[in-house]
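What follows draws every value from the coordinates through simple rules; no lab data is involved. None of these values were measured; they are calculated from a predicted model. We place every Cβ from the backbone using ideal geometry, glycine too, and count neighbours over all the protein chains shown.
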Amino acid sequence: MTAFRSFGIELECFHPTQDHNVSVDKIVRAIRSFGYKAKGSNYTGRDYDHWQIKPDGSVQPYGKSLEVVAPTLPGTEESFEQVRKVVAYLTANGYDVNRSCGYHVHINGADLTPAEQAAVAYRYHLCRNDINAVLPPSRHNGNYCEALGTHAFDKVKEAVNGTSHRWGHGERRVAVNLEHATADLSSRRIEFRQHSGTLNIGKILGWYRLLCEFVNETVRLYRAAGTAPATAAFAVSP
């Protein structure tokens, strides 16, 4: 049985006719009506005990786009139901996605060393072709979810083998973002940025569950191998 890790999600979307400021207000009020904390925020908002609704300048059409950011949630059925309610509101009220949108998932890594988190990015890169097979071409090497170049891959590989490395905010636009790998335990997490924008609850929760399995299996392999890189193949299930 998969051990579900605590998580956060970012859903990029837009409304075809509604200004994003109107959307922010309406979505905040709707989420509060469900009994959850919610607030409008800006790009730098980091209040992760609330749902944060933010304008998003990277998504088209400009002025109508936004990002719906979940609080940090435990991996429980109650959390999944919370996500279902928010997504159901968005789809019922005309929000949509296009190829400029992404879906980002943050997976808790408080129990993982920086080397183990780097092993996740390393193995993900090795499995890139398999992962691309279930994602649209626009997400295979997009501006905000790039594959690792030679230098970045070498840095990750060195970290897997124990070299001390840190990743800055400017290095975040890759499929597996290690910016928070060396953060305090309360903030230590891995961000997966490659999935396409979606308001399909099956895809949202299915991708999260698959990432939990991927992280847990990678860490198991890494610990079993000692300091050797976790290079086992990733079998993508239907």
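Can you list which of the trypsin sites (Lys or Arg not before Pro) found in segment 19-90 are DSSP loop residues with at most 12 other C-beta atoms within 10 Å?
Values: sites: Lys26, Arg29, Arg32, Lys37, Lys39, Arg46, Lys64, Arg84, Lys85; in loops: Lys37, Arg46, Lys64.
Sparse-neighbourhood loop trypsin sites (Lys or Arg not before Pro): Arg46.
Would you kindly state how much longer the chain becomes between Arg128 and Ala224 on full extension, computed as 0.36 nm times their sequence separation minus their alpha carbon distance, in nm to one decimal?
Values: separation 96, 0.36 × 96 = 34.56 nm, distance 2.28 nm.
Stretched fully, the Arg128-Ala224 segment lengthens by 32.3 nm.
Can you give the angle from 0 to 90° between the axis of helix 114-126 and the longest principal axis of the chain, with both taken from C-alpha atoms, to the nearest 10?
80
May I ask you to derive the relative contact order of segment 1-154, considering only C-alpha pairs under 8 Å and at least 6 residues apart, and to give it as an integer percent? Could you put the intermediate results ahead of the total?
Details: 205 pairs, mean separation 42.6, N = 154.
Contact order relative to length: 28 percent.
Expressed as a whole number of Å, what is the distance separating the alpha-carbon centroids of segment 146-189 and segment 18-46?
31
7 Å from Cα along Cα→Cβ at both His169 and Ser187: what's the point-to-point distance in nm?
In this crude label model, His169 to Ser187 measures out at 1.0 nm.
Be a star and scan segment 79-103 for residues whose amide nitrogen sits under 12 Å from the point 7 Å along the Cα-to-Cβ vector of Lys26.
Correct set: 89-96.
What angle, in degrees between 0 and 90 and rounded to the nearest 10, separates the Cα long axis of helix 150-160 from the longest principal axis of the Cα atoms of the chain?
It is inclined by approximately 70 degrees.
Counting Lys +1, Arg +1, Asp -1, Glu -1, what net charge surrounds Leu135 among other residues with beta carbon under 13 Å of its beta carbon? Present the calculation step by step, with values, prior to reporting the outcome.
Values: positive: Arg99, Arg128, Arg139, Arg193, Lys203; negative: Asp130.
Residues close to Leu135 contribute a combined charge of +4.
Give the residue from Gly170, Ala133, Asn200 lying farthest towards the positive end of the charge dipole for the chain; charges sit on Cβ (+1 for Lys and Arg, -1 for Asp and Glu) and the dipole is referred to the Cα centre.
Asn200
In debye, nearest 20: dipole of the chain around its Cα centre with unit charges on the Cβ of K, R (+) and D, E (-)?
Working: 27 positive and 24 negative charges, 26 e Å.
Charge dipole, the chain, about its Cα centre: 120 debye, nearest 20.
Taking the Cα centre as origin and putting +1 on Lys and Arg beta-carbons and -1 on Asp and Glu beta-carbons, what dipole magnitude results for segment 37-79, to the nearest 20 debye?
Working: 5 positive and 6 negative charges, 51 e Å.
Rounded to the nearest 20 debye, it is 240 debye.
Evaluate E = 1/(1 + (r/R0)^6) for Arg99 and Lys37, where r is the Cβ-Cβ distance and R0 equals 45 Å; express this FRET efficiency to the nearest 0.05. Don't skip to the end; give the middle numbers.
Numbers: r = 32 Å, r/R0 = 0.70.
With a Förster radius of 45 Å, E is 0.90.
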